[in-house]
Structures are given as C-alpha cells and as structure tokens.
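Visitor: This structure is in structure tokens; I'll ask about it shortly.
Any read-out appearing in this document is the output of simple, stated calculations on the displayed coordinates, not a laboratory observation. Bear in mind that the values here come from a model prediction, so they are computed numbers and not experimental data.
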Amino acid sequence: MSNAETAISAIKKKADMMNAYADVLENLKSQERWHMHTDDETGELVDDEGEYAENHLTAIRNAIAAIKKLAGV
C-alpha cells in the first residue's frame, strides 16, 4: 500500500471512530434526558430527584465526559 493509500485508510478509520463516538454520545444524552424533567415554575430542564436518578445521571455524565475526552473534543 502506498503512503497516500495508508493515509486515506487512516483518515477513514478515524472518521468512522468519530461517528461511533457521536452515536454513543447521542445515546447517552437521550438517557440523561430520561432522568430529567421540566420544572413547572421555570420551564427549565432539571435533574429528577432521588438516589436512583442521581446515581444514573452521575454515571451518564461521567461517561459523556470520558467519550468527549477520547474523541478529543
């Protein structure tokens, strides 16, 4: 394989990985929203209360941060 072909292959592999990271982040953001609700007074999206929601939100947000770091964003 030539240098150009090797570079093209590496770029395509990196692009595929970035798309995979984006898919994972979309899934995690969806799960995060599952544990949130709209505040009646402010209309803002806020975390659900309770230990279950708190633990899941912490884990989801830690995973989001880790994926962002892996993706370099």
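Visitor: What are the aspartates and glutamates whose alpha-carbon lies under 15 Å from the alpha-carbon of K14, with same-chain residues fewer than 8 places away excluded?
Guide: Here the aspartates and glutamates satisfying the reach criterion relative to K14 are E5, D23.
Visitor: Size of the chain along its principal axes in angstrom, Cα-based, largest extent first?
Guide: Ordered largest first, the chain gives principal extents of 62, 23, 15 Å.
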